1. Using each residue's phi in region 26-34, evaluate 6.51 cos²θ - 1.76 cosθ + 1.60 at θ = phi - 60° and report the 3J(HN,Hα) Karplus result to the nearest Hz, with x for Gly and Pro.
2. Calculated FRET efficiency, residue 128 and residue 15, Cβ-Cβ r, R0 22 Å, to nearest 0.05?
3. Note the per residue figure in Å³ for the convex hull of the C-alpha positions in region 1-53.
4. FRET efficiency for residue 7 and residue 79, Cβ-Cβ distance as r, R0 = 30 Å, nearest 0.05?
Amino acid sequence: MAIDSQAEIAASVGALHDLGPGYDQALAEGLVERIGADIDKRIAAQIGERVTAEVDSRVLSQLDRYAGCRHQRRRAKRMAKDERRKIRAERVDQSARQSFLLAVGSTAAALFVTAIVLTASPGIAAIMLMAFIWVIVGAVNVAHAVRKHPPK
C-alpha cells in the first residue's frame, strides 16, 4: 500500500507540475479519493473480522448444545482460541509494519513534494499547495494512529 501510495503521490505532483496551477483542486480531490478508498478497505476488513468472531461464538454455542462429551467441547474451544490467538499475532505484526511504513513513506513523500514545490516556484500558491499536502499527510497519519487496533 505505501509503495503504491508513494507512486500515486509522485505521479500527482508530476501531473501538477506538468498541468500547472489550474488543476490543483482536481488533483487534490483525486488524492483524497484514493486515500478514502484505502480507508474503506480497512473498514471492510474490520467488519469481516467482527462477523467471523460472531460466527465462531455461535458455532461454539451450538457445540455446547449438541456435543455430548465435555472433553470434546473443551477441545473445540481450545482449538478455536488458539486459532484466534495465531490470527491476532499475525495481524499485530502486520499492523506494526504497516504503521511504520505509512509514517516513513508519507513523510518521505511530503518532503519530496516540498522540495519540488519550493524549487519549482516559491510563490504563495506553491506554499499553499505544500501546506495542503502536509495537512493531508498529517491527517492520514493521525487517523491511522488513533484507529482501533484489534483486541489482543
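Nothing in this text is a laboratory measurement; each read-out follows from the coordinates by a stated rule. Just so it is clear, the structure is predicted and the values come from calculations on it, not from any experiment. Neighbour counts run over all protein chains shown; Cβ positions are idealised from the backbone, glycine included.
1. 5, 5, 5, 5, x, 5, 5, 4, 5
2. Calculated value: 0.80.
3. About 50 Å³ per residue, rounded to a whole number.
4. 0.10
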